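Asks: Quick one: the structure is below, and I'll ask about it shortly.
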Amino acid sequence: MPLSHIALSSGRSIELTELRMSSTYGGMLEGYPCKPINDMKVRSLQRQAERSFSSTPVHLVPPSREYPDQTVGAFGPVEILPSVACIGAFRSTAVAPELDPVLHRSALTVVWFQTAVDVPSGEDADSALRSIHWDELAQDYEL
């Protein structure tokens, strides 16, 4: 049973079957949120998704970045990502129309960041998540 269904902007419905959430800055002992730190966090989360879900393609939804008016430090200006880092496994009907819909599905693992600890659902999911080009990114598989 899926955790939720999301309606993509394209009209396709996808199912969220697994969701991993973590604090974006949890465990940050020194320094401050800045572009070099954030770029490392994004790459690390993407690599984690690629290792954990090696049988499906992984897509990164580029995170929004905020630049509060604060003193510039040694690593550049303060840059803040949304507070929750997410990895989700999604499934849907097959992309290739010639495949039997009973025997085939499509899958995609998505990495994204969001502001709250909510399971994305329906048309209320973040617009960047809903605008994924599923037919170009997902991979078909046989049940």
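Asks: Rolling a 1.4 Å sphere over the protein heavy atoms, what is the accessible area per residue of the range 18-96, to the nearest Å²?
Replies: That works out to 56 Å² for each residue.
Asks: Now for a different question. What is the local net charge at F53, summed over the other residues whose Cβ is closer than 13 Å to its Cβ (Lys, Arg +1; Asp, Glu -1)?
Replies: That works out to +2.
Asks: Calculate the length of the line joining the C-alpha centroid of the range 2-65 to that of the range 83-143, in whole Å.
Replies: What the calculation gives is 12 Å, centre to centre.
Asks: If you place +1 on the Cβ of every Lys and Arg, -1 on the Cβ of every Asp and Glu, and leave all else neutral, what size is the dipole of the range 3-143 about its Cα centre, to the nearest 20 Debye?
Replies: Magnitude of the dipole: close to 400 debye.
Asks: Mind checking the angle between helix 35-52 and the chain's longest principal axis? C-alpha axes, 0 to 90 degrees, to the nearest 10.
Replies: 30
Asks: Then there is this: Scan around L60 for amide H atoms under 5 Å from its own, H built in the peptide plane at 1.01 Å from N, and keep only partners 5 or more places away or cross-chain.
Replies: Under 5 Å from the amide H of L60 lie the amide H atoms of V111, each far enough along the sequence or on another chain.
Asks: Give me the tail of P(r) for the range 4-143 as a percent: Cα-Cα pairs with distance above 21 Å.
Replies: 46
Asks: Follow-up question, since we're still on this one. Mind jotting down the three principal axis lengths of the range 1-79 based on Cα atoms? Whole angstrom, largest first.
Replies: 47, 27, 19
Asks: Carbon and sulfur: what percent of the chain's accessible surface (1.4 Å probe)?
Replies: Percent of accessible area from carbon and sulfur atoms in the chain: 53.
Asks: What is the calculated FRET efficiency for D140 to V119, with r their C-beta to C-beta distance and R₀ = 25 Å, to the nearest 0.05?
Replies: After rounding, the FRET efficiency stands at 0.45.
Asks: Per the helix-only calculation at 222 nm, which mean residue ellipticity applies to the chain, given -39500 (n - 2.57) for every DSSP H run of n ≥ 4 and division by its residues, nearest 500 deg cm²/dmol?
Replies: Result for the chain: -5000 deg cm²/dmol, rounded to the nearest 500.
The values are calculated or read from the model by the stated rules, or taken from the named source; none is laboratory data. Just so it is clear, the structure is predicted and the values come from calculations on it, not from any experiment. A quick note on method: Cβ atoms are made from the backbone with ideal geometry, for glycine too, and the neighbour counts reach across all protein chains shown. When the accessible area is computed, the model is the full protein with side chains, heavy atoms only, and any ligands, DNA or RNA have been set aside. Shrake-Rupley method; radii C 1.70, N 1.55, O 1.52, S 1.80 Å.
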